[in-house]
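Inspection log for the structure reproduced underneath, given as C-alpha cells.
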Amino acid sequence: MKNILVVLLIAAATLSIQSCKKKDTTVNCSNPNMTATAGNTAFKACGAYTYTIDVLGDISIGILGQIDAGNLIGFSFTTPDRFAITPGTYQITNGIGASPAGQPCRVNFVYKEGGTALSNSFNSQSGVLYLTQADGTNFAGTFNGTAKRASGSPDIITVTGGSFNVTFKP
C-alpha cells in the first residue's frame, strides 16, 4: 500500500504533451542541472536537487528537477539511506513490486508537463538510469525511459537524453 502511495504522490506532479510541435520548458535557466527530452518537449531545470521523501513514514530518496508545480521530472529510490545509492546501472520500474535482481532498491520516475492534474502526469514503466557519481551528497548521471499517463487516455511518452548533476538538500 505504501508503494502505491509513493507512486501516487510522485504522480501528483505530472504533465501532458499538448502538441506535436517541439516545446522548450526552460524558464530563465541558463545553466540547467537537469535536462531531458520528453516526447517533443525539451526539459531544462535549474536548481534540481536530491532530498528525502517521507510518505506516511515510508522513507525514500528523491531527485527533483522542477520548473514549476506543473513541469517536472522526479525520481524515487526506494531506500531510506542515501549512502546506499552507489554509482552503477539502475533499471527503472513502475515503482511496484520487488527491486530488480542485483539492485538495492527500486527506481521510478514521474514526468509532469503543463499542469498539476493527474492527466498531466506520466508514471515510469521502464528505462535505465546510469549513476556516474553517488556519494550520499552529490549525484550525477544519465537516464532514458518510458512513462504512461496517470489518468485519462493511456498515452505513453518516451524520455531520452536525460542528465542531472545534483546535491542533497536536507
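Please give the number of the condition residue 99 fails out of (1) out of contact with any Cys (no Cβ under 7 Å at 6 or more places or on another chain); (2) closer than 16 Å to residue 124 by Cα.
(1)
Answer yes or no: is there a residue in segment 82-91 that is at pLDDT below 95 and under 15 Å from the mean Cα position of the chain (by Cα).
No, because not a single residue in segment 82-91 is at pLDDT below 95 and under 15 Å from the mean Cα position of the chain (by Cα).
Give segment 127-150 a look and list any residue that's open to solvent by 50 Å² or more (accessible area, probe 1.4 Å) and under 23 Å from residue 71 (Cβ atoms), or say none.
The answer is 142, 144, 148.
Quick one: residue 61 ticks every box in (1) surrounded by fewer than 18 Cβ atoms within 10 Å (Cβ to Cβ); (2) at pLDDT 95 or above except a single one, so which number is it?
In the conditions (1) surrounded by fewer than 18 Cβ atoms within 10 Å (Cβ to Cβ); (2) at pLDDT 95 or above, residue 61 misses (1) alone.
Residues in segment 126-142: is at least one more than 16 Å from residue 77 (Cα to Cα) and touching a strand residue (DSSP E or B) at 6+ places or on another chain (Cβ under 7 Å)?
Initially, segment 126-142 is screened for residues more than 16 Å from residue 77 (Cα to Cα), giving none.
No, because not a single residue in segment 126-142 is more than 16 Å from residue 77 (Cα to Cα) and touching a strand residue (DSSP E or B) at 6+ places or on another chain (Cβ under 7 Å).
Quick one: residue 99 ticks every box in (1) out of contact with any strand residue (DSSP E or B) (no Cβ under 8 Å at 6 or more places or on another chain); (2) in contact (Cβ under 8 Å) with a residue 24 or more places away in the chain except a single one, so which number is it?
Condition not satisfied by residue 99: (2).
Are any residues in segment 65-93 open to solvent by 20 Å² or more (accessible area, probe 1.4 Å) and either closer than 20 Å to residue 116 by Cα or of a type in the set (Phe, Trp, Tyr) (or both), and if so, which ones?
66, 67, 68, 69, 71, 83
The values are calculated or read from the model by the stated rules, or taken from the named source; none is laboratory data. Source: prediction; values computed, not measured. For neighbour counting, all protein chains shown are included, and Cβ atoms are generated from backbone atoms with ideal geometry for every residue, glycine included. Only protein heavy atoms, including side chains, enter the accessible area calculation; ligands, DNA and RNA are left aside. Shrake-Rupley method; radii C 1.70, N 1.55, O 1.52, S 1.80 Å.
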